[in-house]
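Have a look at the structure below before the remarks.
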Amino acid sequence: MPTIVDKVKAVQASINEKLAQIGREANEVLVVAVTKTHPVEIIEAALRAGIRHFGENKVQEARRKLPFIREPYEGFHYIGRLQTNKINALLELEPILIHSVDSLNLAQNLNKRCEAKGRVQDILVQVNTTGEQSKSGCEPEEAIELVQQISTLPHLRVKGLMTIGLMSDDAEGTRPSFRLLKGLFEELKAKENAGYEMRWLSMGMSGDYLTAIEEGANLVRLGSVLFGERDYGGVK
Ligand SMILES: *Cc1c(COP(=O)(O)O)cnc(C)c1O
């Protein structure tokens, strides 16, 4: 059985091989290990294996786990749907980046809570690039304006865009959605102002991260390729 150390090494090697192949710099892609459903011991093992950033998608679960992590890390990323009534609890965990802001209303609420805490929060705007109704994210046509509106909120800093590709085994099938997000990223970069910065293009998961990197991702969110299949214990 490969250990977490083996898997982290293999993933890093596959990323660097892909970067070399397409003429990008080695190590310019940040791996965020997605540790949802996994216990603190697994998070610590990943951190010992060289992971520096990890992500969770539920505030309650993150609250149960983060205070008990005894290994140092650089950043906790929040990648899940965010309900207004969970914002304060999330901010207490000091996320380095919230990937899932997808409406002006949510952004305004978040801005207000950050102001009360004297905090400036880095966020990504999540875009629904697959057209699936069940997915979070603003519509691609709204993304540019939404980023510009959020950029006027003093306690939030937009640092880029995030999307979730198609849930399929076909990494090629999701290429158009990555290309769409990259297009929006470049368009926003060209208009960059003091209120926002296009630093992170967060796209690619275990099934499609190499495709996402080909399409320009510089942050990938990886769960099962590092930790195996998740066990939700019958509930999702
Ligand atoms: C669960 C999750 C991931 C990781 O999924 P894997 O397919 O296991 O790599 C990435 N991003 C988000 C938003 C997730 O919820």
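Bear in mind that the values in this text are calculations on the coordinates, not laboratory data. Treat the numbers as computed from the prediction; the structure is a model and nothing was measured. When we count neighbours, we look across all protein chains shown, and the Cβ atoms used for this are built from the backbone with ideal geometry, even at glycine.
Look at GLU94 and say whether it is outside any helix (DSSP H, G or I), touching a residue at least 40 places away in the same chain (Cβ under 8 Å) and not polar (S, T, N, Q).
Values: outside any helix (DSSP H, G or I): yes; touching a residue at least 40 places away in the same chain (Cβ under 8 Å): no; not polar (S, T, N, Q): yes.
The answer is no for GLU94.
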Provide a single number: the residues in the range 183-236 that are out of contact with any His (no Cβ under 7 Å at 6 or more places or on another chain), of a type in the set (S, T, N, Q) and near the ligand (Cβ under 9 Å from one of its atoms).
2
Verdict on SER168 being within 12 Å of the ligand (Cβ to nearest atom) and surrounded by fewer than 20 Cβ atoms within 10 Å (Cβ to Cβ):
yes
For the range 54-74, what are the residues that are within 13 Å of the ligand (Cβ to nearest atom) and either surrounded by fewer than 19 Cβ atoms within 10 Å (Cβ to Cβ) or assigned to a loop (DSSP other than H, G, I, E, B) (or both)?
ASN57, LYS58, GLU61
Close pairs (6 angstrom Cβ cut-off, 6 or more residues apart or separate chains): farther than 14 Å from VAL31 by Cα in the range 220-232, assigned to a loop (DSSP other than H, G, I, E, B) and more than 8 Å from the ligand (Cβ to nearest atom) anywhere
ARG230/THR37
From the set of residues in the range 113-132 that are touching a residue at least 12 places away in the same chain (Cβ under 8 Å) and away from the ligand (no atom under 16 Å from the Cβ), which is surrounded by the most Cβ atoms within 10 Å (Cβ to Cβ)?
GLN121
Within the range 144-159, identify whether any single residue is closer than 14 Å to GLN126 by Cα, of a type in the set (Asp, Glu) and surrounded by fewer than 18 Cβ atoms within 10 Å (Cβ to Cβ), and answer yes or no.
yes
